[in-house]
Protein chains: 2
Amino acid sequence: MPIIQSVERALKILDLFDEYTSELKITEISEKMGLHKSTVHSLLKTLQEHSYISQNPEDGKYRLGLKLAERGNVVISHMDITKTAKNYLLDLSAKTKQTVHLGILDGREGVYIDKVEGEQSIIRYSRIGRRLPLHSTAIGKVLLAYQSPNKMELLLKNYHYQHQTANTIINETVFREELEKVKEQGYALDDQENEQGVRCAAVPIFNGKGHVLAALSISTLVSRVNDQELHLFIDLLKTSCKDLSEQMRYVDE
Amino acid sequence: MPIIQSVERALKILDLFDEYTSELKITEISEKMGLHKSTVHSLLKTLQEHSYISQNPEDGKYRLGLKLAERGNVVISHMDITKTAKNYLLDLSAKTKQTVHLGILDGREGVYIDKVEGEQSIIRYSRIGRRLPLHSTAIGKVLLAYQSPNKMELLLKNYHYQHQTANTIINETVFREELEKVKEQGYALDDQENEQGVRCAAVPIFNGKGHVLAALSISTLVSRVNDQELHLFIDLLKTSCKDLSEQMRYVDE
DNA sequence: GAACGTAGTTTTATAATATAAAACTAAAAC
DNA sequence: GTTTTAGTTTTATATTATAAAACTACGTTC
């Protein structure tokens, strides 16, 4: 396995930051990485030289650099579905006041590739580029349900079902029935299965060959959105996804 | 200088991709980097292991990984100004149908940190995370003009004026007069100075201490927006930035 | 204000790794 | 079917990354 240790270490430093950790000192990074501070210093200076890390001039702490935002934008800008769907996300979020997500399958995992936050619902779990569990998210269920039987078997083989909440389905037989239901009704629901207090609906987007490309979802807080409203949102989602699927027929991908 | 060569090489591979180059073969990367293909192979496999690079299963080519989008999102999500300004960008773009940008100073350079594209104007130059020239962009002029005299001197010391178009101001005396004018009128203009056929206006956003935090701009195509419309847009920008500056007074940064 | 402790930066010997040459496998081109 | 090209794997060794030691700078305590 041709892994280069020093590159791996540099990347692991980048992975130390998250939405709660915006800055870190050299000594903190040294502790977390189990590396000598002079080693960390060299790694940080290399990342800094190429703008993947920057140093706060006021307190000397390190943080993720803007080059990541730029590179990340290049990744997303190459996805036709993201560009085509952008106005639908904005429109749906404006109309429903909820948070709207776009997700795709990437290898054997789901991943969020766009998100528009609604006024009424602040959803913390999802983040562009972040992995999403296939078994406990509405998007994940959609991406699975509309796969070919072969592909679905591959995806579910040795799948690791894990509780995210008390509502999470972790029995595979029950989960397969759930996927059947998704295909029957044309949408998936995540009823507080991924995040306490959050209920989501997702609908598939197809390409010209009838393969599922992505899924669009609306996330709501159960305390603010009742069943009736949710079903109105599902109708809006279906309309949007039908249009999107129509447009994606003409995109060569 | 404690630069780690193999880390630097890995980062340079990430920098090879752009909006026109989404995928590359190992042999292409080997040629561009001047490295042996087995060295490149090890670097790619390390980046791939951590999702910074992925491999197209269909043709074996390499492309930027979604981890960059996720890390990039973490960078942006830590910026209060981006969150606070988001709805203003969306609103301004919807009202004017033009492309709206948010930019900040990062060290001695400007950088775009958010962007909402308008229906009427597709602006290619700007990209979130990308550097912006201080002398030829409206945002750059604003970020300079409202700096303290000391800071401005530091920023302009040995500044490298370069033509972006035939209209670009490259004489420092003339440029300083331009910055005076920006302060007088409360906005900056880039009249095809950065990109042929594109005219932009930008207005400053201040923090509670009266320091310029960021600039908001509207970019238009000269073929589609006349002087009168542009001045209407500038008025809308001023209103938005006044509100934003008011809100940023209460943000601890 | 001096002394001590902590954090960050620099230097450098050497242990450890990254590098590329060679060989192999697989696919594409002729 | 043969040859060429591209990608992957193996491994010897040249080169680099590593961390210990030392230094600088700043903050804390007395």
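For the reader, a short list of remarks on this structure follows.
- Sole residue being closer than 20 Å to B:F206 by Cα and part of a helix (DSSP H, G or I), chosen from B:V100, B:V142: B:V142
- For B:L144, the stated conditions hold: it is hydrophobic (A, V, I, L, M, F, W, C) and either over 23 Å from A:L66 (Cα atoms) or at pLDDT 95 or above (or both).
- Matching option when the condition is more than 16 Å from DNA strand C (Cβ to nearest atom), of a type outside the set (S, T, N, Q) and either loosely packed, with under 15 Cβ neighbours inside 10 Å or in contact (Cβ under 8 Å) with a residue 40 or more places away in the chain (or both), among B:K95, B:K86: B:K95
- Taking segment B:48-78 as the range and being facing another protein chain (nearest Cβ under 7 Å), assigned to a helix (DSSP H, G or I) and not β-branched (V, I, T) as the test, the residues that pass are B:E49, B:L66, B:K67, B:L68, B:A69, B:E70, B:R71, B:G72, B:N73, B:S77.
- Test for B:K32: is it of a type in the set (K, R) and over 29 Å from B:Y112 (Cβ atoms): no
- Condition check for A:R199: basic (K, R) and crowded, with 18+ Cβ neighbours inside 10 Å: yes
- When every residue of segment A:11-23 is checked against the conditions, at least one turns out to be within 12 Å of DNA strand C (Cβ to nearest atom), surrounded by fewer than 20 Cβ atoms within 10 Å (Cβ to Cβ) and modelled with pLDDT of 90 or more.
- When the residues of segment B:15-47 are filtered to those that are within 8 Å of another protein chain (Cβ to nearest Cβ) and over 18 Å from A:P2 (Cα atoms), the one that is farthest from the chain's Cα centre (by Cα) is B:S22.
The rows are residues; the columns are (1) over 30 Å from A:N73 (Cα atoms); (2) hydroxyl-bearing (S, T, Y).
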position: A:R127; (1), (2): no, no
position: A:R130; (1), (2): no, no
position: A:Y146; (1), (2): no, yes
position: A:L156; (1), (2): yes, no
position: A:E180; (1), (2): yes, no
position: A:Q185; (1), (2): yes, no
position: A:P204; (1), (2): no, no
position: A:D235; (1), (2): yes, no
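- Qualifying residues in segment B:24-41 (those that are touching a residue at least 24 places away in the same chain (Cβ under 8 Å) and more than 8 Å from DNA strand C (Cβ to nearest atom)) - the one surrounded by the fewest Cβ atoms within 10 Å (Cβ to Cβ): B:K25
- Residue satisfying all of: in segment A:111-159; within 14 Å of chain B (Cβ to nearest Cβ) and among the hydroxyl-bearing types (S, T, Y); surrounded by the most Cβ atoms within 10 Å (Cβ to Cβ) among these: A:Y112
The values are calculated or read from the model by the stated rules, or taken from the named source; none is laboratory data. Quick caveat, the model's predicted, so the values are computed rather than measured. Reconstructed Cβ throughout: ideal geometry from the backbone, glycine too, with neighbour counts over all protein chains shown.
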